[in-house]
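Below is one structure, written out as structure tokens, with a few remarks after it.
The values are calculated or read from the model by the stated rules, or taken from the named source; none is laboratory data. Here the structure is a predicted model, which means the values were calculated and not measured. Here the Cβ positions follow ideal geometry from the backbone for every residue, glycine too, while neighbour counts run over all protein chains shown. Note: accessible area is taken over every heavy atom of the protein model, side chains too, but ligands, DNA and RNA are not part of it. Shrake-Rupley method; radii C 1.70, N 1.55, O 1.52, S 1.80 Å.
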Amino acid sequence: MQNRMMVTGAGSGLGREIALRWAREGWRLALSDINEAGLAETLAMVREAGGDGFTQRCDVRDYSQLTALAQACEAKLGGIDVLVNNAGVASGGFFDELSLEDWDWQIAINLMGVVKGCKAFLPLLRESRGTIINIASMAALMQAPGMSNYNVAKAGVVALSESLLVELKPQGVAVHVVCPSFFQTNLMDSFRGPTPSMKVQVSKLLEASPITAADIAGHIHQQVAKGVFMILPHEEGRMAWKAKQHNPQAIYDEMTAMSEKMLSKLKT
């Protein structure tokens with residue numbers, strides 16, 4: 001029976017809620033994060049929800065830690081059926097202000113962390129004919145101003161997922177990519193960027209969202225069951241993506257206007 005899942009970034013937020021959604025069906029979970037206190041809390045909640053599993057500290061920038069986690073999954077769970085590459089960090093700032101270090105940090109975690117997760121777990125997923133769920137963002141599709149490094153990293157996750165979808169299907173491995181818009185999360189705890197006011201603006205958007213991480217985890221569960229590849233949990237996200245596919249120039253014009261507004265706010 002397929003009931004073994006590994007989640008990165010499981011110590012809080014969406015990673016925790018995904019773990020809990022599957023735990024309610026009795027799944028066994030390998031939970032990883034750099035936040036060990038958060039992981040311990042998630043494991044207790046998973047057990048309360050009807051699941052079980054183990055925790056292991058893992059920094060997704062370090063491939064050897066991911067391969068060690070894959071080995072632990074094999075030893076403790078006998079393999080893995082679903083891999084959730086969820087660990088991520090927030091960042092923002094206009095391109096001319098972002099340092100190359102800001103770019104390296106963002107891409108190392110949000111893009112290469114997903115690449116390394118897929119690479120480390122692929123042998124186990126081939127064996128179980130399992131499933132990969134990569135967490136990207138609407139930023140991958142809509143590219144809002146003032147967050148180019150985040151946009152690029154998340155767009156890379158979508159391109160990686162599209163590549164894996166067609167390469168791995170013949171090998172019996174399913175692939176999904178999730179592009180949430182803003183939702184209530186602690187993502188801003190990790191925020192890094194040159195413009196403090198940008199953190200305040202993004203935090204307000206996150207807090208104002210009526211959609212919680214638990215809602216998104218429920219939507220992911222439902223869409224994966226239906227075999228949907230690109231999962232857009234927000235209604236406005238689905239509408240925006242449709243609009244961009246139909247008339248990309250209109251979206252670029254809107255984003256340019258948003259950029260002008262943001263820049264004038266920063267100057268005042």
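Just a few scattered comments:
- Sole exception among (1) surrounded by fewer than 16 Cβ atoms within 10 Å (Cβ to Cβ); (2) modelled with pLDDT of 95 or more for Glu97, by number: (2)
- Any hit, the range 2-18, residues being open to solvent by less than 50 Å² (accessible area, probe 1.4 Å) and more than 17 Å from the chain's Cα centre (by Cα): yes
- Qualifying residue in the range 51-63 (condition: open to solvent by less than 20 Å² (accessible area, probe 1.4 Å), assigned to a loop (DSSP other than H, G, I, E, B), on the phi < 0 side of the Ramachandran plot and β-branched (Val, Ile, Thr)): yes
- Set Gly79, Gly113: member being in contact with an Asp or Glu (Cβ under 9 Å, 6 or more places away or on another chain), in a loop (DSSP other than H, G, I, E, B), open to solvent by less than 20 Å² (accessible area, probe 1.4 Å) and more than 30 Å from Gln249 (Cβ to Cβ): Gly79
- Hey, Met188 outside any loop (DSSP other than H, G, I, E, B), farther than 18 Å from Ile107 by Cα and either at pLDDT below 95 or open to solvent by 30 Å² or more (accessible area, probe 1.4 Å) (or both) or not: no
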